[in-house]
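Colleague: Structure incoming, see below.
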Amino acid sequence: MSNLYANEPTGPLESRWEKHLFNLSLIAPQNRKKHKVIVVGTGLAGASLCATLGEAGYQVSSFCFQDSPRRAHSIAAQGGINATKNYQNDGDSVWRLFYDTIKGGDFRARESNVYRLAELSGNIIDQAVAQGVPFAREYSGYLANRSFGGTQVSRTFYARGQTGQQLLLGAYQAHSRQLENDNVTHQSRSEMLEIIMVDDKARGVVVRDLVTGEISAHTADCVILCTGGYSNAFYLSTNAKGCNTSATWRAYKQGAYFANPSFTQIHPTCVPPTGENQSKLTLMSESLRNDGRIWAPKNIEDCEKNPADIKEEDRDYFLERMYPAFANLVPRDVASRAVKHICDQGHGVGSKIHGQRLGVYLDFSAIIEKLGLDAVAEKYGNLFDMYSSITGEDPYQTPMKIYPAPHYTMGGLWVDYNLMTSVEGLFAGGEANFSDHGANRLGASALMQGLADGYFILPKTVANYLSRNPLAEVDDNHPQVVQSLKAVRDRIQQLMHAPQPKHSPEYFHQKLGKILWEACGMSREADRLNQAIGEIAELEAHFWQNIKVTGVDNDLNQTLERAGRVADFIELGKLMCQDALMREESCGAHARVEYLSEGGEAKRDDDDFSFVGAWEYKPEQPMLHKEQLNYEFIELTVRNYK
Amino acid sequence: MNFTLHIWRQKNSDISGEFVTYKIDNIDEDTSFLEMLDQLNEQLIAQDQDCIVFDYDCREGICGACSLVINGYPHGDKKATTTCQLYMRDYKHQTELWVEPWRAESFPVIKDLTVDRTSFDDIIQSGGYVSVHTGSAPEANALLVDKHSADEAFNSATCIGCGACVAVCPNASATLFVAAKITHLSLLPQGKIEEQDRARKMFQKMESEGFGSCSNHRYCERVCPKGITVSNITKMNQILGWT
Ligand SMILES: Cc1cc2nc3c(=O)[nH]c(=O)nc-3n(C[C@H](O)[C@H](O)[C@H](O)COP(=O)(O)OP(=O)(O)OC[C@H]3O[C@@H](n4cnc5c(N)ncnc54)[C@H](O)[C@@H]3O)c2cc1C
Ligand code: SF4
Ligand code: FES
């Protein structure tokens, strides 16, 4: 175990980023063309970064696994993006967003980073508007805002229920503009499978062309991973099917520390699971909690009834009852745990899975009565349509049913203030890094973080790295390049030719998902975690013995792609459980049953656990490094949403 | 529910393909169309066969990856829906299903049900953006946009780039896709300035990518999962000075 330092600037919080910017080295415009940079992933973080680096004149190569950068998972973000414009004059400020984010993260994030994020948030909106992102507007022509997930000010900008889509298309178009200008080259349907390390620095990547199966090496001066989150470790999640940990896990295996892997967010408002063959869970935007009221039947006998037949006095609006101040707008972790608690006590609704009803009502009747059907349709129409196409039920007539689902991963590659991992020359942005959300992320702040990283932070810190590290070009025949290519090819052969091929990647993924959901989901406990670690080790051995991939490897082979991703998820799953076991406290989304108050609230242990847990890969057992979190500017309090 | 599936199998773009018939039984009505194909693929793995390849990612109708022609309709015959949002309950009365890839010269089949839509990215690269310098932008509220225009721009901007409009068009034209982007940006003051140049470049690119031209069949708006209307095409024609 050792202590880890983040290279934060010192001095007053308000001037840290400015001071740091001044101290960062620049590269003269005419010299930028000489520097090659690889960006893996072109979601919000990656596309915005490519656009900015391309605009500045660097040689950028980008990769994504979808058939177009426009399809990155960021496209699915619904609710909105936070920014401290204070257009509503409701008392918002950089300081308030900073404070809300730290508090929302249950005091497990780094002050300097979070303050910088809040500072940069306003500029993101400027950038997006200039690109033509059609945000919602008032009749006056000014930008509109709404309040979102656990905050008491209206600082969320939105484009109906498709904010991520519109922001991503803005970044995609800016990226496309650079592709047209030849500053950036891009390869879609390409999966990064290894980091090339030369003299302890990240100098390139090995990529598999998903159409031809060709394995190729690409070298550069540095590598930036913007490859998204790993919620799909749980098998069922709100993430797109392709979301994976492979890029970040390869980086971990090459020496980049993985921070807080057990900090995973379970989102309270998702369409409940219906059966065994389900492939994903769909999020119903949190914005619905602004106007919908959550309830469950008070009497267990009523759980089977049609909700219309349950009398008003027999309905338990449990969030309003338990948290009168924030009511239906409590943060995600608090809401999710409350829903689970209600269902565990037998008050759930909907069809039974494994003998339990997993669902509570989200009811819009009051707001429809107040504002009328049209006004509600204007606000939530697309979400209601989506719900009814999935469930076959009409939420205008009957309340929605919702249940929590894995949604976002606060954990990720450890990065310092420059967003550089513990490997020199390897950076991480967006959901792939662990940076700003502590133990729980507030709604509408992932888009903000991804874009702050891509538009404003990484372009500066990457330039600084390039300017301070003159590097010789890496030859294609360099032994490290040859070895990395070989490692990737060997692994593919291992996946293709297991000793006793028997089960599909889905089979193993579902098993892993079940273990993680039960042991490392909404509530965690030492015994269960220990048991899960053993089960996952067994699953891993079973996987390499019995994985069955049909077809051939030099072809478009989705079974092979999945097998590789599942193999990495299995290893990560084990680390998630180890991290959850190590953290003997509850904080944010990490709820250890041994450390919860009577009312089910997280009990933090600031004396012993006010640190970021960053794991270093070792062949036998991972090694823990601690980055102590020093709160110089705010006072640690107990989160209280009552 | 039990189904007979005739699925287009094609090894690659050089070899022609054919329909292969499969049977799948005991499908729950809450199963999505793609989950049904997942189950079929699990059967194929069990029988040591190569899986059927099809594009998907989000599985919630927003990424635009999924792309199947089902019984002759791109994204199936349900209105304003993507393939991934179809559920087997929608197919209670059609137990025999023909599943094909998008068919258009500019979308060559890669394998089975997967096509190459890079031509769409190329069209956007030719001019589908506002030429603002990334990294510097004026204060957002310095630019007012009337609500109506912003709402209309949003409607056009919801195009997911799936290509169903091309797949259904007898001319394999990408006009609806191109017009949606041109309209989105032209309706906003920040995009208005370059509108003619942009429209000309994108239109030319569409032609050079091998897409056909529009002869007003209007099938595109009927299959578009995001309800993009042909009024976008009228608007584009105005910008190009064709009306
Ligand atoms: C349904 C849903 C709704 C959400 N709503 C909101 C919201 O309203 N507000 C909010 O702030 N946040 C929201 N979030 C969270 C937010 O959308 C994500 O955290 C954010 O978009 C992540 O962006 P990213 O750029 O880091 O990653 P992504 O958008 O996931 O992009 C990852 C990129 O990496 C590429 N990639 C991944 N692995 C590899 C590999 N091995 N090789 C090559 N390329 C690879 C992918 O192709 C892709 O281009 C939501 C999330 C979900 C799931
Ligand atoms: S216009 Fe409609 S059908 Fe055509 S690509 Fe866009 S969303 Fe798909
Ligand atoms: S899979 Fe994303 S739109 Fe269908």
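Colleague: Just name the residue that is nearest to ligand 2 (Cβ to nearest atom) out of those in region B:78-107 that are outside any loop (DSSP other than H, G, I, E, B) and away from chain A (no Cβ under 11 Å).
Modeller: B:83
Colleague: When the residues of region A:135-154 are narrowed to those that are within 24 Å of the chain's Cα centre (by Cα) and under 26 Å from residue B:134 (Cα atoms), which ends up least open to solvent (accessible area, probe 1.4 Å)?
Modeller: Looking at the filtered set, the residue picked out is A:135.
Colleague: Taking residue B:76 and the conditions (1) outside the structural domain of residue B:191 (by TED's automatic domain parsing); (2) buried (at least 21 other Cβ atoms within 10 Å of the Cβ); (3) away from ligand 3 (no atom under 14 Å from the Cβ), which numbered condition does it fall short on, given that it satisfies the others?
Modeller: It is condition (3) that residue B:76 fails.
Colleague: Also: Check region B:68-77 and report whether any residue there is within 11 Å of another protein chain (Cβ to nearest Cβ) and part of a loop (DSSP other than H, G, I, E, B).
Modeller: Within region B:68-77, the first condition is being within 11 Å of another protein chain (Cβ to nearest Cβ), and the residues that meet it are none.
No, region B:68-77 contains no residue that is within 11 Å of another protein chain (Cβ to nearest Cβ) and part of a loop (DSSP other than H, G, I, E, B).
Colleague: Determine, yes or no, whether residue A:121 is more than 30 Å from residue A:386 (Cβ to Cβ), within 14 Å of chain B (Cβ to nearest Cβ), open to solvent by less than 10 Å² (accessible area, probe 1.4 Å) and among the small types (Gly, Ala, Ser).
Modeller: No.
Colleague: Would it be correct to say that residue A:244 is open to solvent by 10 Å² or more (accessible area, probe 1.4 Å), more than 14 Å from chain B (Cβ to nearest Cβ) and within 15 Å of ligand 1 (Cβ to nearest atom)?
Modeller: No.
Colleague: Look at residue A:284 and say whether it is in contact (Cβ under 8 Å) with a residue 24 or more places away in the chain, at negative phi and either touching a Ser or Thr at 6+ places or on another chain (Cβ under 7 Å) or assigned by TED's automatic domain parsing to the domain that holds residue A:105 (or both). Before the answer, list the steps.
Modeller: On the way: in contact (Cβ under 8 Å) with a residue 24 or more places away in the chain: yes; at negative phi: yes; either touching a Ser or Thr at 6+ places or on another chain (Cβ under 7 Å) or assigned by TED's automatic domain parsing to the domain that holds residue A:105 (or both): yes.
Criteria met by residue A:284.
Colleague: What single numbered condition from (1) more than 16 Å from ligand 3 (Cβ to nearest atom); (2) open to solvent by 10 Å² or more (accessible area, probe 1.4 Å) fails to hold for residue A:46?
Modeller: Result: residue A:46 passes all but (2).
Colleague: Another one. Out of (1) within 16 Å of ligand 1 (Cβ to nearest atom); (2) over 21 Å from the mean Cα position of the chain (by Cα); (3) away from every other protein chain (no Cβ under 11 Å), the odd one out for residue A:160 is which?
Modeller: Unmet for residue A:160, out of (1) within 16 Å of ligand 1 (Cβ to nearest atom); (2) over 21 Å from the mean Cα position of the chain (by Cα); (3) away from every other protein chain (no Cβ under 11 Å): (3).
Colleague: Continuing with this model, one more query. Have a look at A:165, A:131 and point out the one that is within 20 Å of the chain's Cα centre (by Cα) and more than 12 Å from residue A:83 (Cβ to Cβ).
Modeller: Among A:165, A:131, only A:165 is within 20 Å of the chain's Cα centre (by Cα) and more than 12 Å from residue A:83 (Cβ to Cβ).
Colleague: Let me ask something else about it. Are any of the residues in region B:160-177 in contact (Cβ under 8 Å) with a residue 24 or more places away in the chain, farther than 20 Å from residue B:237 by Cβ and within 16 Å of ligand 1 (Cβ to nearest atom)?
Modeller: Among the residues of region B:160-177, at least one is in contact (Cβ under 8 Å) with a residue 24 or more places away in the chain, farther than 20 Å from residue B:237 by Cβ and within 16 Å of ligand 1 (Cβ to nearest atom), which makes the answer yes.
Colleague: Here is a further query. If I filter region A:64-81 for residues that are away from chain B (no Cβ under 14 Å), closer than 26 Å to residue A:133 by Cα and either within 16 Å of ligand 3 (Cβ to nearest atom) or not in a helix (DSSP H, G or I) (or both), do I get at least one hit?
Modeller: Scanning region A:64-81 turns up no residue that is away from chain B (no Cβ under 14 Å), closer than 26 Å to residue A:133 by Cα and either within 16 Å of ligand 3 (Cβ to nearest atom) or not in a helix (DSSP H, G or I) (or both).
Colleague: Let me ask you something else. Out of B:68, B:40, report the one residue that is within 16 Å of ligand 3 (Cβ to nearest atom), hydrophobic (A, V, I, L, M, F, W, C) and in contact (Cβ under 8 Å) with a residue 12 or more places away in the chain. Before the answer, list the steps.
Modeller: Numbers: B:40 fails: within 16 Å of ligand 3 (Cβ to nearest atom).
Being within 16 Å of ligand 3 (Cβ to nearest atom), hydrophobic (A, V, I, L, M, F, W, C) and in contact (Cβ under 8 Å) with a residue 12 or more places away in the chain holds for just one of B:68, B:40, which is B:68.
Colleague: Let me ask something additional. Find the residue count for region A:532-587, including only residues that are out of contact with any strand residue (DSSP E or B) (no Cβ under 6 Å at 6 or more places or on another chain), of a type in the set (Ser, Thr, Tyr) and without any contact (Cβ under 8 Å) to a residue 40 or more places away in the chain.
Modeller: Number of matching residues: 1.
Colleague: Among the residues of region B:149-194, which ones are near ligand 2 (Cβ under 8 Å from one of its atoms), on the phi < 0 side of the Ramachandran plot and in a loop (DSSP other than H, G, I, E, B)?
Modeller: B:158, B:159, B:160, B:162, B:174 - these are the residues of region B:149-194 that are near ligand 2 (Cβ under 8 Å from one of its atoms), on the phi < 0 side of the Ramachandran plot and in a loop (DSSP other than H, G, I, E, B).
Colleague: Of all residues in region A:303-344, count the ones that are without any contact (Cβ under 8 Å) to a residue 60 or more places away in the chain and either in contact with a strand residue (DSSP E or B) (Cβ under 9 Å, 6 or more places away or on another chain) or buried (at least 21 other Cβ atoms within 10 Å of the Cβ) (or both).
Modeller: 15
Colleague: Let me ask another. I need the strands (runs of 3 or more DSSP E) fully contained in region A:182-271, keeping only those with at least 1 residues that are at pLDDT below 95.
Modeller: Because the criterion is at least 1 residues that are at pLDDT below 95, the strands (runs of 3 or more DSSP E) in region A:182-271 that meet it are A:264-270.
Colleague: Right, here's the next one. Determine, yes or no, whether residue A:247 is over 20 Å from the mean Cα position of the chain (by Cα), more than 16 Å from ligand 3 (Cβ to nearest atom) and aliphatic (A, V, I, L, M).
Modeller: no
Colleague: Something else now. For region B:13-35, does any single residue satisfy the condition of being more than 27 Å from residue A:549 (Cα to Cα), in contact (Cβ under 8 Å) with a residue 40 or more places away in the chain and either within 16 Å of ligand 2 (Cβ to nearest atom) or surrounded by 20 or more Cβ atoms within 10 Å (Cβ to Cβ) (or both)?
Modeller: No: zero hits.
Colleague: Just need a number here: residues in region A:549-588 that are within 14 Å of chain B (Cβ to nearest Cβ) and out of contact with any His (no Cβ under 6 Å at 6 or more places or on another chain).
Modeller: 16
Colleague: Turning to a different aspect of this structure: Could you go through region B:108-115 and let me know if any residue there is modelled with pLDDT of 95 or more, assigned to a loop (DSSP other than H, G, I, E, B), more than 12 Å from chain A (Cβ to nearest Cβ) and more than 25 Å from residue A:165 (Cα to Cα).
Modeller: Within region B:108-115, none of the residues are modelled with pLDDT of 95 or more, assigned to a loop (DSSP other than H, G, I, E, B), more than 12 Å from chain A (Cβ to nearest Cβ) and more than 25 Å from residue A:165 (Cα to Cα).
Colleague: Right, next: Which residues, counting only those in region A:82-97, are away from every other protein chain (no Cβ under 14 Å) and either surrounded by fewer than 24 Cβ atoms within 10 Å (Cβ to Cβ) or part of a loop (DSSP other than H, G, I, E, B) (or both)?
Modeller: Within region A:82-97, A:90, A:91, A:92, A:93, A:94, A:95, A:96 meet the criteria.
The values are calculated or read from the model by the stated rules, or taken from the named source; none is laboratory data. From a predicted model like this one, the values you see are computed outputs, not experimental measurements. Note that each Cβ is placed from the backbone with ideal geometry, even for glycine, and that neighbours are counted across all protein chains shown. Quick note on the areas: whole protein, heavy atoms, side chains included, nothing else; ligands and nucleic acids left out. Shrake-Rupley method; radii C 1.70, N 1.55, O 1.52, S 1.80 Å.
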